[in-house]
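Okay, structure first, notes after.
The values are calculated or read from the model by the stated rules, or taken from the named source; none is laboratory data. These numbers come from a predicted model, not from an experiment. Every residue, glycine among them, receives a Cβ derived from its backbone with ideal geometry; neighbour counts consider all protein chains shown.
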Amino acid sequence: MTEKLSAMVLASFAADSLALGAHWIYDTGEIDGQIGRVDQLLKPPANTFHPSKQKGEFTHYGDQTMVLLESLATSRGFTLESFSGSWREFFEGYDGYFDHATKETLESFDAGKGPDKSGSTSTDLGGAARIAPLVYRYADDLDVLIDSAKAQTAMTHNHSQVIRSAEFLARVTWQVLRGSTPTAAIDTVTREGFKRGDFGAFVSRGLDSASKDTRQAILEFGQHCGTPAALPAVIHLMVRYEDDLQTALVENVMAGGDSAARGMVVGMILGAHLGTGAIPESWLSDLSHRERIEAHLKQIDTP
């Protein structure tokens, strides 16, 4: 399992970096015409959402996931107090993008709220997409994994759809690390507690779309950040490209919109399923913070 745990984290970060150049471009014709097929890590073009970033760096989602990974490494585990302190410090002087959830959470902290009360009302899946480092740390303790995944999510995205997504995705990844295929894990976890209501409908929409063209499916779901669109999209990508991480992540970017959050989830779960060999070596070698990531994983492993 150790190799697939590392692959899970690296693939999640690589997916965010792959999406960097085309992130939040909704017009897929613009992606085709101005960037082309995104199958390598790229420096963002001018006049996009991440102009301060270089090739191999992260969006604000990946940056926050790195903060979580570093917090786990230095604190010898997850505490909301440690993560929230590191998160707030990170955004002091940050020259990357501030999304609505980040701004609202920072305002809550400035107003004196604690990290258990600071979360925004955002439904964006991005809050749940950060959890790969937690799965790595708590791969042998499902209860602690679920609690920490929900807590880190709620700190910035205190909405039931996003918090439930964090638990759902943690449980799916847990099953995959133990030998289930992503499709089988999604089915098992859904039947065991996520079948009812809107959430079950989100999963069903994704599963039912598996034979569709990816661009068309994600356009129908909505390319935006919200869980009702993004969760079906990640389900679609995982079941359609279950044994092809590279194509899943490239097609995700080419579908436009919030490809970074979607990609972090898909990379996490397909990385856990397929291992490091499924990640293109050029993606890993171009990943600016690969050495930092691997050093933090080693620090987490050190007794």
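Answer with yes or no whether Y26 is crowded, with 21+ Cβ neighbours inside 10 Å, in contact (Cβ under 8 Å) with a residue 40 or more places away in the chain, under 22 Å from G126 (Cβ atoms) and among the hydroxyl-bearing types (S, T, Y).
So Y26 fails the test.
Among the residues of region 1-29, the ones that are modelled with pLDDT of 95 or more, of a type in the set (D, E) and part of a helix (DSSP H, G or I) come to 1 in all. Contact map, region 177-199: residues that are over 18 Å from L142 (Cα atoms) paired with residues that are among the β-branched types (V, I, T) and not in a helix (DSSP H, G or I), Cβ distance under 7 Å, separation 6+ or inter-chain. No pairs are found. Under 25 Å from S120 (Cα atoms) and charged (D, E, K, R), is that true of R164? So R164 passes the test.
Applying the criterion of being among the small types (G, A, S) and under 16 Å from the mean Cα position of the chain (by Cα) to the residues of region 209-255, the residue that is farthest from Y97 (Cα to Cα) is A248. For the condition under 30 Å from Q34 (Cα atoms), in contact (Cβ under 8 Å) with a residue 24 or more places away in the chain and surrounded by 17 or more Cβ atoms within 10 Å (Cβ to Cβ), A272 does not qualify. Selection of helices (runs of 4 or more DSSP H) fully inside region 117-213 by the criterion of at least 2 residues being touching a strand residue (DSSP E or B) at 6+ places or on another chain (Cβ under 8 Å) and of a type in the set (A, V, I, L, M) returns 160-177.
Of all residues in region 278-303, those satisfying the criterion of being free of Cβ contacts under 8 Å to residues at least 12 places away in the same chain and either closer than 18 Å to V250 by Cα or buried (at least 21 other Cβ atoms within 10 Å of the Cβ) (or both) are E281, S285.
Pairs linking a residue in region 200-229 that is over 25 Å from S160 (Cα atoms) to a residue that is of a type in the set (K, R), with Cβ atoms under 7 Å and 6 or more positions apart or on different chains, are A210/R240; T214/R240. Of the listed requirements (1) in a helix (DSSP H, G or I); (2) touching a helix residue (DSSP H, G or I) at 6+ places or on another chain (Cβ under 7 Å); (3) more than 17 Å from Q246 (Cβ to Cβ), G33 misses just one: (2).
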